[in-house]
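Q: My structure is below; once you've seen it, I'll send some questions.
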Amino acid sequence: MKRPVLSVLLAALLVMGGCSKGADENEPGRQGSIPAVSGDREIAMTLYIDDREVPVIWENNDSVAELEDLASGELIIPMSMYGGFEQVGDIGHSITSDDSDITTAAGDIVLYSDDQIVIFYGSNSWSYTRLGKVDLEADELTDLLANGDVTLRLTAE
């Protein structure tokens, strides 16, 4: 008698868990990492490392929306090599953060300490807010970022 009740409860929990996940994925404005939309806004922001335009897949979050506002026209950020795996630069303003413990990979763009932008050509584990991902091969990214300080330029329409 106890086994059928336990089986029914387990089945109900599995069904409810599956429904919950599907509802979150279909929630308006929750589309993951896509370059064109952040909430109800279209992202029209371009990233340059030194003078090279690089493709970026921007996150769908408030931090990216605020960064785009700061880049209206142009935002220039001097970057410095740090730790042999990243370039770090001061945005010049604090923006909204939603930090979580993550392990980064080459190409990840994150917000650190509410006012620092970081681009990785290696890996690190820390508490960051995801901003986007440079869509280049790891060796190309290393060539761009591992040979001295760079200048990051963001432009938005």
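The values are calculated or read from the model by the stated rules, or taken from the named source; none is laboratory data. Being a predicted model, the structure only gives us computed values, none of them experimental. Because the Cβ atoms are built from the backbone with ideal geometry, glycine has one as well, and the counts that use them run over all protein chains shown.
Q: Which members of the stretch 113-148 meet the condition of being closer than 19 Å to Thr46 by Cα, exposed (fewer than 15 other Cβ atoms within 10 Å of the Cβ) and in contact (Cβ under 8 Å) with a residue 60 or more places away in the chain?
A: The answer is Asp135, and nothing else.
Q: Just checking, how many residues over the stretch 57-70 are hydrophobic (A, V, I, L, M, F, W, C) and closer than 13 Å to Ile109 by Cβ?
A: 4
Q: Return the residues of the stretch 83-105 that are among the small types (Gly, Ala, Ser) and within 15 Å of the chain's Cα centre (by Cα); say none if nothing qualifies.
A: Listed by number, the residues that qualify are Ser97, Ser100, Ala105.
Q: Additional query: Looking at the stretch 46-64, can you tell me whether even one residue there is assigned to a helix (DSSP H, G or I), assigned by TED's automatic domain parsing to the domain that holds Asp135, in contact (Cβ under 8 Å) with a residue 40 or more places away in the chain and farther than 18 Å from Gly148 by Cα? Can you show your working first?
A: Restricting attention to the stretch 46-64, the residues satisfying the condition of being assigned to a helix (DSSP H, G or I) are 62-64.
Keeping just the survivors that are assigned by TED's automatic domain parsing to the domain that holds Asp135 gives 62-64.
Within this subset, residues satisfying the condition of being in contact (Cβ under 8 Å) with a residue 40 or more places away in the chain are 63-64.
Keeping just the survivors that are farther than 18 Å from Gly148 by Cα gives 63-64.
Scanning the stretch 46-64 turns up at least one residue that is assigned to a helix (DSSP H, G or I), assigned by TED's automatic domain parsing to the domain that holds Asp135, in contact (Cβ under 8 Å) with a residue 40 or more places away in the chain and farther than 18 Å from Gly148 by Cα.
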